[in-house]
Every structure is written in C-alpha cells, then in structure tokens.
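Okay, structure first, notes after.
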Amino acid sequence: MNLHDLFVIPRQRTPDKLAVQFVSDAKTATEITYAELYAAVDRLAAGLQKWGLRKGDRVAFFLGNRPEFLVAYLAVIRLGAIMVPINLRYRRLELGHILSDCTPRLLITEQQQLGFLDDIGAEKQSLEATLLAEELPQWEADPATLQLPLVEADDLAVIMYTSGTTGRSKGAMITHNNMLTTITGLLAA
C-alpha cells in the first residue's frame with residue numbers, strides 16, 4: 001500500500017462526503033467532496049504526466065494552506081513523484097539551498113510568493129516549470145490518458161528539510177511507508 005491508496009479509501013466508501021472545507025475569509029468557503037477531490041486529482045495528475053512528470057521526480061511546494069495544495073500533493077504522489085515542502089517563511093538563502101540540493105523539476109507556488117523567488121539565481125536551474133496554484137486548471141488533462149506507475153510502500157513520498165539549527169538544513173527522505181506509519185500511529189493515539 002502507498003500513501004495515495006490510503007487517501008482513496010474514503011472516495012470509494014463515501015464519495016459524497018465532505019473531504020475539504022476551506023475558509024479563506026469570513027465570507028468565502030470552499031467545500032469539496034471526496035468524489036470532486038479525486039476527479040480534480042486525476043485531472044491534474046494526467047496533466048502533470050502529459051507535461052513529463054515521472055516517478056522519482058521531485059516537485060517543490062512553496063505554497064500556503066489552500067485546497068490546491070491538497071490536490072497538487074495527491075496528484076504528485078499518485079504519479080510516484082516526490083513532494084518537497086518549503087516553509088513559506090524561508091527566503092533567499094534557505095530557498096536557494098533547498099532548490100539546489102533537491103533539484104526539483106517543477107515548483108508549485110502561488111502568485112504572492114513569486115517575488116521571493118526572484119532573488120534566486122543559479123540555485124533554481126533544475127526547475128523546468130513553475131505552476132501557480134491560481135492556474136491549476138490550465139495544467140489539467142483527460143484522466144483517461146493516465147498511465148499510472150507502480151508506487152510501492154518503500155518509494156520516497158516526501159523530502160522534508162530540517163530546520164538547520166546546527167548547520168545547513170538536510171533533506172530527510174520519507175517513504176510512503178513512513179507516512180502511513182505516522183498516520184496510523186496518530187490515529188491510534
């Protein structure tokens with residue numbers, strides 16, 4: 001079992017149940033059912049695969065908490081790619097280090113974060129594209145075209161960078177199994 005398989009269970013059992021409720025301000029709320037969530041995930045995964053994202057590729061996320069984060073995250077791990085979250089408080093030094101160290105092919109961010117990336121030069125040379133959360137639908141494709149790779153429990157799911165309190169931050173490589181163990185442990189507790 002991989003991490004994506006775990007998230008698919010509620011889609012199969014309760015497709016019309018609310019999966020995400022996101023309140024961006026006092027007047028605006030977004031509600032997404034499991035069926036809607038996974039339809040969006042499959043469309044984005046198909047688009048990312050059409051673009052050329054493959055199993056083992058790294059995708060940096062410099063993105064705040066929003067529904068697009070979840071859709072993009074699930075689409076990335078569905079393809080067996082590796083998500084690299086970047087703290088939104090990081091600036092040039094930390095951003096540059098992470099981007100040069102993990103060499104992502106793709107960066108997913110949002111319009112308000114683009115200015116922080118302008119100061120980074122050669123460190124982001126591995127990036128082939130930047131996807132804005134606001135433009136996610138433009139990257140979607142027909143989910144019928146998806147050719148899913150075999151994603152196993154011991155495959156990498158996330159590279160999480162440490163805080164770097166004793167030196168340069170280091171990428172902790174976390175497998176699907178590591179994530180599943182953490183989730184089941186938290187649920188049991």
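Structure values in brief
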item	result
Hits among aspartates and glutamates - C-alpha to C-alpha of Lys55 under 17 Å, sequence gap 8 or more where chains match	Asp5, Asp42, Glu128, Glu152, Asp154, Asp155
Cα-based Kirkwood hydrodynamic radius, the chain, one decimal, Å	17.3
Proximal aspartates and glutamates to Lys17, defined as alpha-carbon separation beneath 16 angstrom and excluding residues fewer than eight positions away on the same chain	Glu31, Glu36
Sequence-separation-based contact order of the chain, relative, with Cα cut under 8 Å and 6+ spacing, percent	24
Per residue Cα convex hull volume in Å³ - calculated over the stretch 17-110	95
Carbon plus sulfur fraction of accessible area for the stretch 26-112, probe 1.4 Å, in percent	47
12 Å beta-carbon shell around Asp101, net charge (K/R +1, D/E -1)	+2
DSSP bridge orientation in the chain - percent antiparallel, rounded to nearest 5	45
Whole-Hz ³J(HN,Hα) from phi, Karplus 6.51 cos²θ - 1.76 cosθ + 1.60, for the stretch 62-73, glycine and proline x	10, 8, x, 6, 6, x, 4, 4, 5, 4, 5, 4
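The values are calculated or read from the model by the stated rules, or taken from the named source; none is laboratory data. Keep in mind that this is a model prediction, so the values were computed, not measured. A quick note on method: Cβ atoms are made from the backbone with ideal geometry, for glycine too, and the neighbour counts reach across all protein chains shown. Heads up: the accessible areas ignore ligands, DNA and RNA and are worked out on the full protein's heavy atoms, side chains in. Shrake-Rupley method; radii C 1.70, N 1.55, O 1.52, S 1.80 Å.
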